[in-house]
Amino acid sequence: MKYSQRINLAAAAALALPATSAFVSPPSTTAATASKSAAVVAAAQIQEDLTFTPPDTLNDGQISEQLCTEAASKMKRVMVPVSNDVSDTGYVGISFIHWEATNKQQNTLTLLLVHGFDSSALEYRRLGPQLAALGIDVYCVDLLGWGYTQLEEVKSFSAQAKVEALKGFWQTVGGNGEVVVGGASLGGAAVIEFAAQNLYRPSSDLIGR
């Protein structure tokens, strides 16, 4: 898919509310503190993809919506770990947008959102800022092979590879801290698989009830 086509598809997508959110441990003071510490450590280890330029949706995509322009300007790409089945280098570039929470409340978990089929993180250009204004830290991530992720030198764009890259993203950016996940359409399926593999840890005091 050509660059301009990807922009048009990404920005033309209607606002999609997250269709799926589940598989997270109940928030607690201890968990929130641990998640915050993990995020601090991860932030120090993030390796940005210096070859990446945020999409110019206004000039290249001829999209005049201000929220789209603002969201695109926030987009970054980081190198995340994957298996050699996905890339011989052991890394792929995953693009994302981060809307930092305004006056984030204690014990409020970060929200990780994933777009639907053949779209991008720009799908959440309207929802992201509103959630951030409510005190929720929001990361909207492009699935491997779509949006503005790395395409060159990637061996597999399979469903498994997409989930693997998503796991690598949260390991890199979020330090594998506790997080609420949500997704639209295929993104919902991806986050269910991601969460089932990596995040759901039932509390010991609930076992046997």
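Taking the stretch 140-186 as the region of interest, how many residues are closer than 20 Å to Phe52 by Cα and either open to solvent by 30 Å² or more (accessible area, probe 1.4 Å) or of a type outside the set (Ser, Thr, Tyr) (or both)?
Looking only at the stretch 140-186, we keep the residues that are closer than 20 Å to Phe52 by Cα, and these are 140-155, 157, 162, 165-166, 168-170, 172-173.
Checking the rest, the ones that are also either open to solvent by 30 Å² or more (accessible area, probe 1.4 Å) or of a type outside the set (Ser, Thr, Tyr) (or both) come to 140-147, 150-155, 157, 162, 165-166, 168-170, 173.
Total meeting the criteria: 22.
Is there a residue in the stretch 158-166 that is part of a helix (DSSP H, G or I), in contact with a Phe, Trp or Tyr (Cβ under 7 Å, 6 or more places away or on another chain) and within 12 Å of Val92 (Cα to Cα)?
As a first pass, look at the stretch 158-166 and keep what is part of a helix (DSSP H, G or I): 159-166.
Retained after the next criterion (residues that are in contact with a Phe, Trp or Tyr (Cβ under 7 Å, 6 or more places away or on another chain)): 163, 166.
Those left that are additionally within 12 Å of Val92 (Cα to Cα): 166.
Among the residues of the stretch 158-166, at least one is part of a helix (DSSP H, G or I), in contact with a Phe, Trp or Tyr (Cβ under 7 Å, 6 or more places away or on another chain) and within 12 Å of Val92 (Cα to Cα), which makes the answer yes.
Could you say whether any residue in the stretch 80-87 is outside any strand (DSSP E or B), out of contact with any helix residue (DSSP H, G or I) (no Cβ under 8 Å at 6 or more places or on another chain) and closer than 20 Å to Phe52 by Cβ? Yes, because at least one residue in the stretch 80-87 is outside any strand (DSSP E or B), out of contact with any helix residue (DSSP H, G or I) (no Cβ under 8 Å at 6 or more places or on another chain) and closer than 20 Å to Phe52 by Cβ. Among residues of the stretch 130-159 that are under 16 Å from Leu109 (Cβ atoms), those with a Cβ under 6 angstrom from a residue that is assigned to a loop (DSSP other than H, G, I, E, B) and open to solvent by less than 30 Å² (accessible area, probe 1.4 Å), sequence gap 6+ or separate chain, pair up as Ala132/Ala101; Gly135/Ala101; Ile136/Ala101; Asp137/Ala101.
Only a single item in (1) modelled with pLDDT of 85 or more; (2) surrounded by 13 or more Cβ atoms within 10 Å (Cβ to Cβ); (3) among the charged types (D, E, K, R); (4) more than 17 Å from the chain's Cα centre (by Cα) is not met by Asp88, and it is number (2).
Take the stretch 126-158 and flag every residue that is at positive phi and either within 15 Å of the chain's Cα centre (by Cα) or of a type in the set (Phe, Trp, Tyr) (or both).
Within the stretch 126-158, the first condition is being at positive phi, and the residues that meet it are 135, 145, 147, 153.
Across the stretch 126-158, the qualifying residues are Gly145, Gly147.
The values are calculated or read from the model by the stated rules, or taken from the named source; none is laboratory data. Because the structure is predicted, anything quoted here is derived from the model rather than measured. Here Cβ is always computed from backbone atoms with ideal geometry, including for glycine, and neighbour counts include all displayed protein chains. Each accessible area value is taken on the protein alone, full model and side chains, heavy atoms only, with ligands, DNA and RNA left out. Shrake-Rupley method; radii C 1.70, N 1.55, O 1.52, S 1.80 Å.
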